[in-house]
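Here the structure is laid out as structure tokens; the discussion comes afterwards.
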Ligand SMILES: Cc1cc2nc3c(=O)[nH]c(=O)nc-3n(C[C@H](O)[C@H](O)[C@H](O)COP(=O)(O)OP(=O)(O)OC[C@H]3O[C@@H](n4cnc5c(N)ncnc54)[C@H](O)[C@@H]3O)c2cc1C
């Protein structure tokens, strides 16, 4: 295969427009980019919570944050609050922050575990600025280099508005948009590569490299190339979601709520103009009617549209890059939105593609490396999501009893064993979730380490009390002058 002169992006959802925008920004005029989308099919229209790496997308694209937040009706996300996951009535936060300040070679939580063993009872989250701000409903952009005061954040936004925002940006930078329904994907009989796409009405679009952002149908990667799908539903049983927007709350929470029910869980995402709500469940355990009733019963504000039922399959395409097609977004696979990772997987796939971009033609070694890394990244997120389900003490339904009894992927079992034994946390290469994330979910789900790092044994109870008091004081200090999240939005966006 020769030089890549033209890239065709199939699909105009979040993944299509993010791919087009980033490829154009980085590759400039070395390639032409054409995006095809069909109004007849439309976009999935959900996907409203993100994680902090999305800020890099904005930075690279040179997007002004306030303008982006205004146009997508965004709010700030500091954390996810998990309610009823470990036990009914209990809740915990998975924040984008970290508790305390770690010592060299020894994470802060080892001191906390040691303190607990000495009878000193304190809440580890009290030493995390994200948690303190989230629970106080406050936010400010803290300009500091001191990791003690770092407050990582992401956004909640309206996914349809986000797509339009990226589209405007992409078209301004030279991406060509074609409205049309693709009827046929034409393969080269000798190589099996995609050569062109035939649109309804007869138009043809040719290209050298095709980015499949066609959503769950996987028009190129799945339907045309038959790449095959690795099914993970034996680990993650959910296969349906119902989404419905409602009127906003008077106060805009700076975090997502994830509320476990007896047969699934419900999200609540606060935006500037409304709340996003939805329920995720498995058709093996729950009918659509029952899920919808549960969802609506638990939305306290007036709903603003009809419920939108979405069916999905959990797992991933066997090869994210096959022939001259790269699957990005829902065409590459799906993991339920428990940790808001799908848009991040889009971003990460584009960054990886740019790293391995086949300027001089497609090489098998690059394709293999791309595929191996993509697989690994998906698996690590999959394991993190499974952790929320398997580490439950709930037994109030067959659903939760089955989740407790899951046979786990090997790496997850190893991570659980290491943490239980002496609080050791391991960050695997390509895992978007670092040690503080695993820590919060493990502890939040009731897993307590039996031991701690030897360094922690050097600290007496009195010394630990002093450390915790000082950390708490330091972490709380910025809150005094911090505006409420709503005041921040008003001031920043006006
Ligand atoms: C219930 C649910 C909740 C979610 N929540 C989150 C979340 O909180 N955070 C997060 O990060 N992600 C979330 N996601 C995932 C997120 O919605 C997607 O990753 C994101 O929207 C990207 O979708 P997409 O662009 O790949 O597909 P789509 O939005 O489905 O876009 C597909 C595009 O392909 C086009 N197309 C398809 N076939 C053809 C054809 N034949 N001809 C022409 N065009 C065609 C369509 O017109 C459309 O433009 C959620 C997903 C679900 C299902």
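Quick notes on this structure:
- If R0 is 60 Å, the Cβ-Cβ spacing of residue 318 and residue 290 corresponds to a FRET efficiency of close to 0.95.
- Ranked packing of 143-152, 33-42, 160-169, 74-83, most packed first, by mean Cβ within 10 Å: 74-83, 160-169, 33-42, 143-152
- Between 0 and 90°, nearest 10: helix 108-117 axis offset from the chain longest Cα axis: 40 degrees
- The slack between residue 144 and residue 27, meaning 0.36 nm per residue of separation minus the straight C-alpha distance, is 38.8 nm.
- Kirkwood-based Rg to Rh ratio, region 227-375, C-alpha trace: 1.07
- Here the mean projected area of the convex hull built on the C-alpha positions of region 86-134 is 4.4 nm².
- With coordinates expressed along the principal axes, the C-alpha atoms belonging to region 174-292 extend over 56, 39, 25 Å, beginning with the largest.
- Rounded to the nearest 10 degrees, the inclination of helix 288-297 to the longest alpha-carbon principal axis of the chain is 50 degrees.
- Binned Cα-Cα distances of region 240-311, short to long, each 10 Å bin given as a whole percent: 21, 55, 22, 2
- Rg/Rg_globular for region 20-113, with Rg_globular taken as 2.2 N^0.38 Å and Rg from C-alpha atoms: 1.63
- Residue 365-residue 411 FRET efficiency (beta carbon distance; Förster radius 22 Å; 0.05 resolution): 0.30
- For residue 6 and residue 429, the FRET efficiency from 1/(1 + (r/R0)^6), where r spans their Cβ atoms and R0 equals 25 Å, is about 0.15.
- Comparing region 281-345 with the 2.2 N^0.38 Å rule of thumb, its C-alpha radius of gyration ratio is 1.48 (two decimals).
- Backbone N under 18 Å from the residue 87 label point (7 Å along Cα→Cβ), restricted to region 419-443: 441-443
- Whole-number D in µm²/s for region 93-212 (Stokes-Einstein; Kirkwood sum over Cα pairs; 20 °C, 1.002 mPa s): 106 µm²/s
- Across region 240-311, C-alpha contacts under 8 Å between residues 6 or more apart give a mean separation that, scaled by the residue count, equals a relative contact order of 44 percent.
- Rounded to the nearest 5, the antiparallel percentage of DSSP beta bridges internal to the chain is 70%.
- Site pair residue 355 and residue 401 shows an inter-label distance of 4.5 nm when each label is modelled 7 Å from Cα along Cα→Cβ.
- Counting only alpha carbon atoms, the long axis of helix 364-390 and the longest principal axis of the chain meet at about 40°.
- Structure-based [θ]222 nm, the chain - -39500 (n - 2.57) summed over DSSP H runs of at least 4, per residue, nearest 500: -10500 deg cm²/dmol
- Where Rh is the Kirkwood radius over Cα pairs, Rg/Rh for the chain: 0.98
- For a label point 7 Å along the Cα-to-beta-carbon line of residue 469, residues of region 110-131 with backbone N under 20 Å: 111-128
Each reported figure results from applying straightforward, stated rules to the coordinates on display, with no laboratory input. Nothing here was measured: the structure is a model prediction, and the numbers come from that model. Using ideal geometry, Cβ is built from the backbone for each residue, glycine included, and neighbour counts are taken over all protein chains shown.
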